[in-house]
1. For the Cα atoms of the chain, what angle does the longest principal axis make with the long axis of helix 59-70, in degrees from 0 to 90, nearest 10?
2. Between Arg40 and Lys63, what is the label-point separation in nm under the 7 Å Cα-to-beta-carbon projection?
3. Based only on other Cβ atoms within 10 Å, what is the fewest-to-most ordering of His161, His108?
4. Any chance you could list P(r) for segment 14-63, counting all Cα-Cα pairs in 5 angstrom bins from zero, rounded to whole %?
5. Sticking with the crude label model, points 7 Å out along Cα→Cβ, report the distance from Ala102 to Arg28 in nm, one decimal please.
6. What number, rounded to the nearest 500 deg cm²/dmol, is the helix-based mean residue ellipticity at 222 nm of the chain, given -39500 (n - 2.57) per DSSP H run of at least four residues and division by all its residues?
7. Mean separation of Cα pairs under 8 Å and 6+ residues apart, divided by the residue count of the chain: what relative contact order is that in percent?
8. List the trypsin sites (Lys or Arg not before Pro) within segment 55-154 that fall in a DSSP loop (any state other than H, G, I, E or B) and whose Cβ has at most 14 other Cβ atoms within 10 Å.
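Bear in mind that the values in this text are calculations on the coordinates, not laboratory data. Being a predicted model, the structure only gives us computed values, none of them experimental. Here Cβ is always computed from backbone atoms with ideal geometry, including for glycine, and neighbour counts include all displayed protein chains.
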Amino acid sequence: MDPVRAFIAIDLPEYLRRGLSVQIDRLRDALTGIPIRWVRPEAIHLSLHFLGDTDLAQVPELKQGLEGLVGAIPVFSISVGGLGCFPNPQRPRVVWMGIQEASGTLVHLQQKVEAMCAQLGVPREKRGYSPHLTLGRIRPGGESKAAGELGRVMMTDGVEHLGVALVDEVVLFQSELKPDGAVYSRLASVRLRAR
């Protein structure tokens, strides 16, 4: 059986997806003429670790590993808001909305997930973890055109606070690349410890 592209992430509640959909429509209207591929709201998630090509036979082992670490972490909340771009506003390639979580639980969870994956042979990320929700990707060649416009929109129309979400599970997703964007399906999910 062929391997599947997989990643571990936090899913979002429907009301936040609706809010993100409104923001994407607003940005699309404000940034007309800039070549940006917007993410479908149902595909937005908070990534913890990208696994890459994964054998489906590894799913039970991955789920067991997640159960061993996630079950000890208590349910927590994240706050969503603030627009930004990677790598920077002068050379934007990704438009995102920020995630805030003051207790440090989110970063702790991500580090535990990454360490568990490393034990199973999945490489660690080269960059430090920067929690965000990807809203759109600027197509190659559009960076210079996007730079000034994105800066203007972020200064005048930046989203201070979109909402709060309770994080009570971690999901192992499969990613299937389709012509109109990736489609995600759940392979396994693990609940955090109830308070």
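1. Roughly 80 degrees between the two axes.
2. That separation, rounded to one decimal, is 2.5 nm.
3. His161, His108
4. 4, 15, 18, 15, 13, 12, 11, 6, 4, 1
5. Each label point lies 7 Å from its Cα, and together they span 3.6 nm.
6. That calculation yields -10000 deg cm²/dmol at 222 nm.
7. Once normalised by length, the contact order is 35 percent.
8. Qualifying residues, ordered by number: Arg124, Lys126, Arg127.
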